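The values are calculated or read from the model by the stated rules, or taken from the named source; none is laboratory data. Because the structure is a prediction, the values reported are computed rather than measured. Every residue, glycine among them, receives a Cβ derived from its backbone with ideal geometry; neighbour counts consider all protein chains shown.
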Amino acid sequence: MSSNIYKNKKPVIFFLVPAFAFLAVFLYYPFLQNILNSFRVINNLGSSAKGWNDPWFANYVELFKDANIRTALVNTLKMIAATIVGQLGIAIVLALMVDNIKKGQKFFRTVYFFPIVIAATALGLLFNIVFLYDKGMLNQLREMFGAVKLVDFKDNAHAMLTMMIPVTWQYVGFYFIILITGLNNISDDLYEAATIDGASKWQRVRYISLPLLHNVICTCGVLAVTGALKVFDLPWIMFPKGMPSNSTWLTGTYMYYHAFESHNVDYSSAISVLIVVLGVVTAKIVNAVFKEKDY
Amino acid sequence: MKKMLAMLLTGAMVFSLAACGNSSSGNAPAQSGSSSEGSSSTESKPAEEPAGGPVTLNVTTTYAGEDTNAGNYQDAIAAWQEETGNKINDASASSAETFKARVISDFEMGSEPDVLFYFNGVDSNPFVEAGKVVSIDEIREVYPDYAMNMKDGMMGASPVDGKNYSVPVNGYWEGLFVNKSVCEAAGIEIPTADTTWEEFMEICQKVKDAGYTPIAASFAEIPHYWFEFCIYNYLTPATHNILPESVDDEHGKAWVDGISDMKVLYEKGFLPENTLSATDGETFQLFIDGKAAFLIDGSWKVGGIESSTDDIDNFTVTYVPGKNDRKSTDIIGGLSSGWYITRKAWDDPEKQKACVDFISYMTSDEMVSKFASVSATALKNGVQVDESQLSSLAVAGLDMVEGATGMAGAVQDQVTQEARVPVFNGMPDIVTGKADIATAVADLLALVEAGQ
Amino acid sequence: MAGTNYQEKQRNHKFSLGMAGIYAVLIAWALTTIYPLFWILMNSFKDKKVIRSDSFSLPLGELFTLDNYRTAFDRVNILGAYRNSLVISLSVAAAVILLSGLASYALVRYDFRVKGLLNSMVVAGMMFPAFATIIPVIRMMNVVGLANTNQIPKSLLAVILPQIAGNLSFAIVVLRGYIAGLPVELEEAAYMEGCNIFQLFFKVVMPLCKPSFATIGIFSFLWSYNDLFTQSFFLKTKPEYSVTVLLSLLTSQEGTNYGLMASSVSLIVFPLLIVYLFLQKYIVKGLTAGAVKG
């Protein structure tokens, strides 16, 4: 920062210590334990280790050999793409639209929030009924329009799409709220000045809203990428155990599976380390991409 | 002593009134009250009577949520507290994976409850191995009549050392649930104790020809029940629970043959079209909605069916047709949970007697009868169930268990979740022919080996 | 408001076709978000038997029942559970706002050697799954005597502390982006007038951040409220239950009782929405107060 105020670095400690003390005690220290656990043999969550793996890095070797991990990584990449294009894209469009209307702002801000407050179990049930083979909402609709054959939305060909649509939909509201908070912070005077200078609505969005929203969009990008890496509840309810035929694993669901279903806690720990590493790396990439972009 | 009996009787009466409110069932607990005298009389024997004063017990059970017995349990602990003046801190929760993690970590950290109602299979290994629960034998050294109303051989010995640590209440069985209206529409007879596997295949073909799905099952998510019975078909109650040493030995062959039969079910189109992508909940709904005729599931599903349909009389349960040496009337069943006293509470002179007293109360003949209802028990005297209180489906279940000629536990309970992966998660590949059955079984056995 | 003129000018324009399109899109999306909630509410009044087979019709006539709610209120002290939930989630939200505000401010405005590392650690903190960190946390809580005490305040605190940490990372990431967008000139002006760094933070930066605080406060509140996992390890006995724990114990793992599930979700969500609608007034107020002019 250019400002002189921040040349004196001493107060930094005061600002940082409270938050990072919390993080250290309740997140970093436990996660260090988790890293250690990934080298041990642990069957049940909560039970003590039965010793060290042989060789101690066996789980990490397994990560490279495990075909499901590869599936999970590919699917998660798709999910990241879907979240950035879908969630963030839709959220930006909706936020800009809401920012430009006069009546009903409050209403939309409230209702777009709804999907986030509903527990994943309930949404999972709803979407399971929507996509049900014999015969959910979609297949009933198709029948009304003359389709004869039922579509299995959960088979290999459709599964990923069937999973991504609800997940994307669920979190649009989340980014919407963050973006609209940023938009509200842009002074009306700026728009006014631009209008007087004869800027069209689109130009105002292009040359005022988006550049000033730059930081917030970057934040959302980081959240979207990290969110996609760890998402598990809704996908797990709709497609438990990577169904069908291990084709829908995500890093998040696969980690959950090993922690709770297969009683392989140490391997689950190794996967969570992988997720954290990927998360930090992709977040850095997102930062770099968004930072350099000049509006 | 008299006072104790009177109190027990009162408790049983109060309990039965609260739960049933009908005179015919009022008799049953009153009669059986005397049979639980055996356990209640133990209380006066140990010399070190606590100095009096109420004791607070920390109790954790799985009697919560939609467990059929959650209500019974709440009534029972209320009655026990009323009677004894002791207090119970109840930390029960539904038996989800989170709950299991909580129980295990509590033991690890020394904050375990005093009394625990929990699984007696591999789930209990961590705290049994650590010596944190007290065996029945040890308890009987001080309280000789403890759990004497139970058959020792059926109490559910620990997989760790074969000793009994817990007193079971209600068990489970697995059977073939039938949607009667589908059978009627397809013009077939409901399978009976005499129906063979071959006949069952013909029945399924007829159901299919009539335009219905014969078997409601998700081979993608829960192939477990069909796995169990298909393998059972090549074994007997005496041999079913022995894990194969290798894929080539007698048991290994039985496993391969059994899984081959599952593949046949799939190839003949007896399963739902989307059995490889549907969840168990979806295929179960086919059965409820009258689109599928048969379903293999456990005794816990009786409640699930009762709460999913308006016409419970449309459903019944019967034996899974057998072949080879397995008679159709040989069933799968067992007692999978029981009451434990933890070492911590046992070593606490104030709590020891209260724990024994509490478990004796919860496992008396009439209480077990109440909790067990349609499921199996280890009671020497058998259950006393008032059938008029039960649905026709539950009565059918009861009849099935009574007519059983043999019972074996589920063999998959001896296989850890981790080791099950090649066969259970790999089932879609197996039935579609993408994976070799013998290889999958060999992989499973190798994982079992590696886990030991 | 400074924008009044601008808005009036806009109002004079004819209601354009473009505007109609915008509203059409917004309303279409709103329908997708309202319907599920409506669907859940509707099904909570239906018998569990018909939910899977007949879930899209209105609960009228014979379909209507209050059974699901009766079961939910049976035997349980739901008011006590709401109180526990509120105590937990409000504390978490307040602590997250304060701590993340302090940290983000320093991470944005100051340049120091380990800043890059700290930023990465914050991002990493968002990725730690709760089940990877819970066991050591339970151990610590046991050691300091907060867990397994059967005392409500201690048990609640045992939930609050890890939840604060769990929500901090996300809050810092959001606030960082927001503060970076604030013009540093305001702070310089205040500095010129003789504010010290702490006055600067509490009197200038904090008020400017109100809208963003509202956002992270709401999300922290929500996640803490819905976080069944952490809660189920520390809230074990009835008097300690939060709403989420209590209702999760009513619906089973088997998950066949969809009616109960629908009523549980309604009981969890609707009080929350009412609180949110009520608080929104203050949030909007915060927005106006915090708007940067210029």
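Below, the figures for the structure above:
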| quantity | calculated |
| --- | --- |
| Residue identified as closer than 30 Å to B:D75 by Cβ and either assigned to a strand (DSSP E or B) or in contact with a Ser or Thr (Cβ under 8 Å, 6 or more places away or on another chain) (or both) among B:I296, B:I332, B:I341, B:I359 | B:I341 |
| Test: residue in the range C:175-191 that is in the same structural domain as C:M121 (by TED's automatic domain parsing), surrounded by 21 or more Cβ atoms within 10 Å (Cβ to Cβ), at pLDDT 85 or above and of a type in the set (K, R) | yes |
| Residue identified as without any contact (Cβ under 8 Å) to a residue 40 or more places away in the chain and either in a helix (DSSP H, G or I) or within 21 Å of A:Y28 (Cβ to Cβ) (or both) among C:L102, C:L118, C:L107, C:L90 | C:L118 |
| Single residue of the range A:206-229 satisfying the filter (surrounded by fewer than 17 Cβ atoms within 10 Å (Cβ to Cβ) and not charged (D, E, K, R)) that is farthest from A:V74 (Cα to Cα) | A:Y207 |
| Meets criteria (over 30 Å from A:I118 (Cβ atoms), modelled with pLDDT under 90 and among the aliphatic types (A, V, I, L, M)) for A:L210 | yes |
| Check on B:D310, within 12 Å of another protein chain (Cβ to nearest Cβ), in a strand (DSSP E or B) and not hydrophobic (A, V, I, L, M, F, W, C) | no |
| Residue that is modelled with the highest pLDDT [pool: residues in the range B:373-397 that are assigned to a loop (DSSP other than H, G, I, E, B) and polar (S, T, N, Q)] | B:S391 |
| Enumerated helices (runs of 4 or more DSSP H) restricted to the range A:198-253, each holding at least 2 residues that are free of Cβ contacts under 8 Å to residues at least 24 places away in the same chain and either within 12 Å of chain C (Cβ to nearest Cβ) or under 20 Å from the mean Cα position of the chain (by Cα) (or both) | A:201-204 |
| Residue, surrounded by the fewest Cβ atoms within 10 Å (Cβ to Cβ), within the range B:118-128, restricted to residues that are at pLDDT 90 or above and part of a helix (DSSP H, G or I) | B:V128 |
| Residue count, the range B:204-241 (criterion: outside any loop (DSSP other than H, G, I, E, B) and without any contact (Cβ under 8 Å) to a residue 24 or more places away in the chain) | 2 |
| Residue that is of a type in the set (A, V, I, L, M), within 14 Å of chain A (Cβ to nearest Cβ) and closer than 21 Å to B:C183 by Cα, where the choices are B:I296, B:I288 | B:I288 |
| Matching residues, the range C:40-68, being crowded, with 19+ Cβ neighbours inside 10 Å, in a helix (DSSP H, G or I) and either of a type outside the set (K, R) or at the interface with chain A (Cβ under 10 Å from one of its Cβ atoms) (or both) | C:I40, C:M42, C:N43, C:S44, C:V50, C:I51, C:N68 |
| Close pairs from the range C:262-281: first more than 21 Å from C:L246 (Cβ to Cβ), partner of a type outside the set (D, E) and surrounded by 15 or more Cβ atoms within 10 Å (Cβ to Cβ), Cβ under 7 Å, at least 6 apart | C:L277/A:T110; C:Q280/A:T110 |
| A:V265 vs. criteria in the same structural domain as A:A81 (by TED's automatic domain parsing) and more than 25 Å from A:K50 (Cα to Cα) | no |
| Scope the range A:183-197; condition part of a helix (DSSP H, G or I) and without any contact (Cβ under 8 Å) to a residue 40 or more places away in the chain; matching residues | A:D188, A:D189, A:L190, A:Y191, A:E192, A:A193, A:A194, A:T195, A:I196 |
| B:M400 crowded, with 21+ Cβ neighbours inside 10 Å, touching a strand residue (DSSP E or B) at 6+ places or on another chain (Cβ under 9 Å), closer than 23 Å to B:L235 by Cα and modelled with pLDDT of 85 or more | yes |
| In the range B:306-330, residue surrounded by the fewest Cβ atoms within 10 Å (Cβ to Cβ) [restricted to those that are β-branched (V, I, T) and modelled with pLDDT of 85 or more] | B:I312 |
| Qualifying residue in the range C:246-255 (condition: surrounded by 20 or more Cβ atoms within 10 Å (Cβ to Cβ), without any contact (Cβ under 8 Å) to a residue 12 or more places away in the chain and away from chain A (no Cβ under 11 Å)) | yes |
| Residue check for A:N184: at the interface with chain C (Cβ under 8 Å from one of its Cβ atoms) and over 14 Å from the mean Cα position of the chain (by Cα) | yes |
| Sole exception among (1) in contact (Cβ under 8 Å) with a residue 12 or more places away in the chain; (2) aliphatic (A, V, I, L, M); (3) within 8 Å of chain C (Cβ to nearest Cβ) for A:A159, by number | (3) |
| Looking only at the range A:126-145, and only at residues there that are among the charged types (D, E, K, R) and modelled with pLDDT under 80, the one that is farthest from B:E273 (Cα to Cα) | A:K135 |
| Residue satisfying condition, being touching a Ser or Thr at 6+ places or on another chain (Cβ under 8 Å) and at positive phi, within set C:N148, C:N142 | C:N148 |
| Single match in A:V231, A:V225 (criterion: touching a Leu at 6+ places or on another chain (Cβ under 8 Å) and within 28 Å of A:A122 (Cα to Cα)) | A:V231 |
| Of all residues making up the range B:86-112, the number that are in a loop (DSSP other than H, G, I, E, B) and either modelled with pLDDT of 90 or more or of a type in the set (D, E) (or both) | 2 |
| Of the criteria (1) hydroxyl-bearing (S, T, Y); (2) more than 25 Å from A:M163 (Cα to Cα); (3) in contact with a Leu (Cβ under 8 Å, 6 or more places away or on another chain), which one A:T76 fails | (2) |
| Verdict on A:L138 being away from chain B (no Cβ under 12 Å) and surrounded by fewer than 19 Cβ atoms within 10 Å (Cβ to Cβ) | yes |
| Of the criteria (1) of a type outside the set (K, R); (2) out of contact with any Gly (no Cβ under 6 Å at 6 or more places or on another chain); (3) within 14 Å of chain A (Cβ to nearest Cβ), which one B:Q74 fails | (3) |
| Flag if B:A217 is within 23 Å of the chain's Cα centre (by Cα) and in the same structural domain as B:F294 (by TED's automatic domain parsing) | yes |
| Residue in the range C:161-217 that is nearest to the other protein chains (Cβ to nearest Cβ), counting only those that are within 25 Å of C:M121 (Cβ to Cβ) and outside any helix (DSSP H, G or I) | C:G181 |
